[in-house]
Amino acid sequence: MDRPYTTEEMDYYCDLLKIDRKKMRLILFQLEGNYSFAEVLALSNTINEHGGNEMVYFSTIIDERVLVLVNDVSIEKIIEFINTVKIFYCYYDRREITVSYSDAVNFEDIPYAYKDVLECLKYTFYLGEGIIITKNDIREDTEKGCNYELKDLIFNYDKINIAVKSGNTEEVKDEIGKFFEKLRSSKINVSVAKTYCMELYLSLIRQHRNPETEINSEGILKIGKMDTIDQIQKYITETAERLSQENYNGIIRRHNHIVKKMIKLIYENIDNNNLSLKWLAKNKLFMNEGYLGKLFNRETGEKFSQFVMRIRMEKAKELLDLYQNDKVYEVAEKVGLGDNPQYFSHVFKKYTGLTPTEYINRPKN
């Protein structure tokens, strides 16, 4: 993964590893939270047991993540494989697993595909843990089609957790309601029912940015002492709503921070010909271009490109006022449009109603 290889080297490795020269993908599994290497190894074993020889070439552990090389099968089969791994791993450890898979690439492009899947995992801070992330930010709902039988209640935790982490309070209430509806209809032993409720409570607490052990212990004790399922549902719902609201507030603060950083970078790079949303996303913020564009538009009410052009034109007006002897192409260079002075003049006139020369010679108040 550390460097590109020559065609001869790739031919050698394909022959050594018995890999056909055809398209393939990488899948990267990452455990969330605090975990031991034994848990990573258990995840690797689960992948090897349920991968299937017709799909998986091999897997390895890199930086406590499990990396899998697979055939270029359909997206549906990849999602099925990932969900199978997550389901069977839950028998060992009910820990969230975030997964990313690459586009189909040639074998010699695997180092670049590896960088892509690593980059995808950086977005876990906004999209949530326990989901599937691709370069195009395709998020698959791991609960789709779940029948919510009692034995499958563990799957409901994932959907509730995502709602809590994203601050979707209404969905939190809806999913918790479904959980308790099934629990009531099961008529299982009270102590077993309370155990499921405690698992749900702990799962919710882990979605908070700063969970406290004291709160966890206090909540478990309260649930253990409650007499009715209605009391337990009310307590867990209130806890989930509080955590959801706090996470939502945190998301808003982070959004504001990201947009402020984008605006700061625009001003700092206004003379850069390459300044664009794509360039900023790739070289400065290391985030998804589409996500940043929507976020910027939502927070400012203005498209990124429109905002940049407006700042460039305001900067140009300022420069023309201060340095009237400057050539038009010099001003264009200082606002990042030096590669096309004619375009600069055209945009400037459209913005101000005057050409740069007319603007310099206009009557001053």
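Quick notes
- Solvent-accessible area assigned to carbon and sulfur over the chain amounts to 49 percent, based on a 1.4 Å probe.
- Anisotropy class of the chain from Cα gyration tensor, a/c 1.5 cut: oblate
- Between the stretch 282-327 and the stretch 15-71, the C-alpha centres lie 43 angstrom from each other.
- Compared with the dominant Cα axis of the chain, that is its longest principal axis, helix 110-121 is turned about 80°.
- Largest-first ordering by accessible area, 1.4 Å probe, given options S345, S203: S345, S203
- Most simply put, the chain has about 90% antiparallel DSSP beta bridges, counting only bridges with both residues inside it.
- In the context of the full protein assembly, M198 retains an accessible surface of approximately 50 Å², using a probe radius of 1.4 Å and ignoring ligands and nucleic acids.
- In the chain, excluding the sites themselves, the longest stretch lacking any of the GluC sites (Glu not before Pro) that are in a DSSP loop with at most 10 other Cβ atoms within 10 Å is 213-365.
- Taking Cα centre as origin and charging only the Cβ of basic (Lys, Arg, +1) and acidic (Asp, Glu, -1) residues, the dipole magnitude of the stretch 1-110 rounds to 300 debye.
- The loop-placed chymotrypsin sites (Phe, Trp or Tyr not before Pro) in the stretch 284-327, going by DSSP, that have at most 14 neighbouring Cβ atoms within 10 Å of their Cβ come out as F286, Y323.
- For the chain, the longest principal axis of the C-alpha atoms and the axis of helix 37-50 are separated by about 80°.
- At most 11 other Cβ within 10 Å, DSSP loop - trypsin sites (Lys or Arg not before Pro), the stretch 261-365: K327, K364
- Accessible area (Å², per residue) of the chain, counting only protein heavy atoms and a probe of 1.4 Å: 55 Å²
- Positive-end extreme of charge dipole, the chain - chosen from Y12, L280, Y359 (charges on Cβ): Y359
- Computed [θ] at 222 nm, helices only, for the chain once each DSSP H run of length n ≥ 4 contributes -39500 (n - 2.57): -19000 deg cm²/dmol
- Pairs exceeding a 21 Å alpha-carbon distance, out of K159/K294; K115/K284; K23/K135; K23/K159; K86/K222: K159/K294; K23/K159; K86/K222.
- Evaluated with a Cβ-only charge set (Lys, Arg +1; Asp, Glu -1), the chain carries a dipole of roughly 1360 debye about its Cα centre, given to the nearest 20.
The values are calculated or read from the model by the stated rules, or taken from the named source; none is laboratory data. Treat the numbers as computed from the prediction; the structure is a model and nothing was measured. Neighbour counts are summed over all protein chains in view; Cβ atoms, including those assigned to glycine, are modelled from backbone coordinates with ideal geometry. What goes into the accessible areas is simple: the full protein's heavy atoms, side chains included, and nothing from ligands, DNA or RNA. Shrake-Rupley method; radii C 1.70, N 1.55, O 1.52, S 1.80 Å.
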